[in-house]
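> First the structure, which I've put down as structure tokens, then a few questions once you've had a look.
The values are calculated or read from the model by the stated rules, or taken from the named source; none is laboratory data. Since the model is a prediction, treat every value here as computed from it, not as a measurement. Every residue, glycine among them, receives a Cβ derived from its backbone with ideal geometry; neighbour counts consider all protein chains shown.
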Amino acid sequence: MGFWGHAIMQGLARFITDLLHSPKMILVLCLIFAITGTLLDGTLYRIWELKNEQTKIQTKMVDTEQVLVKLKKQIKMANDPKFIEREAKDRFDLVEADDLVFVFSDE
């Protein structure tokens with residue numbers, strides 16, 4: 001190894017020694033390695049994906065709760081005898097004994 005190689009090695013050794021004696025620099029290096037590691041293995045991207053998925057699921061839950069409230073109201077209405085009578089008349093063309101029925105011919 002020549003003069004320049006030896007000088008470079010001494011400078012590098014001095015830099016590493018100074019670096020190891022500085023707690024702030026150790027903290028910065030650890031943070032850099034941690035961030036780089038999470039970026040390279042995809043953890044950060046996966047966390048972002050999970051957050052988006054959580055938002056979608058929460059939106060679906062709110063929508064489902066609204067549908068549930070609507071269905072509960074319909075069930076409550078379906079238990080009312082007046083509603084049942086109205087549905088029977090509308091769906092099955094039923095009439096009561098005193099109702100007037102009009103029949104129109106197509107001719």
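> Among the listed residues 37, 11, 42, which satisfies the condition of being touching a Ser or Thr at 6+ places or on another chain (Cβ under 9 Å) and at pLDDT below 90?
Working: 11 fails: touching a Ser or Thr at 6+ places or on another chain (Cβ under 9 Å); 42 fails: touching a Ser or Thr at 6+ places or on another chain (Cβ under 9 Å).
Matching residue, one of 37, 11, 42: 37.
Matching residues to (1) in a loop (DSSP other than H, G, I, E, B); (2) of a type in the set (A, V, I, L, M); (3) surrounded by 10 or more Cβ atoms within 10 Å (Cβ to Cβ):
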position: 72; (1), (2), (3): no, no, yes
position: 75; (1), (2), (3): no, yes, no
position: 84; (1), (2), (3): no, yes, yes
position: 87; (1), (2), (3): no, no, yes
position: 90; (1), (2), (3): no, no, no
position: 96; (1), (2), (3): yes, no, no
position: 102; (1), (2), (3): yes, no, no
position: 107; (1), (2), (3): yes, no, no
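> Another question, then. Against the conditions (1) modelled with pLDDT of 90 or more; (2) not in a helix (DSSP H, G or I), where does residue 1 fall short? Just the number, please.
(1)
> Filter the stretch 8-21 for residues that are of a type outside the set (S, T, N, Q), assigned to a helix (DSSP H, G or I) and surrounded by fewer than 11 Cβ atoms within 10 Å (Cβ to Cβ) and give the result. Break it down stepwise before answering.
From the stretch 8-21, those of a type outside the set (S, T, N, Q) are 8-9, 11-16, 18-21; that's our starting set.
Of the ones still in play, those that are also assigned to a helix (DSSP H, G or I) are 8-9, 11-16, 18-20.
Correct list: 11, 12, 13, 14, 15, 16, 18.
> Could you give every pair whose Cβ atoms fall below 7 Å, whose first residue belongs to the stretch 22-38 and is surrounded by 11 or more Cβ atoms within 10 Å (Cβ to Cβ), and whose second residue is assigned to a helix (DSSP H, G or I), counting only separations of at least 6 or pairs across chains?
Taking only residues 6 or more apart or on different chains, the pairs are 25/19; 38/44.
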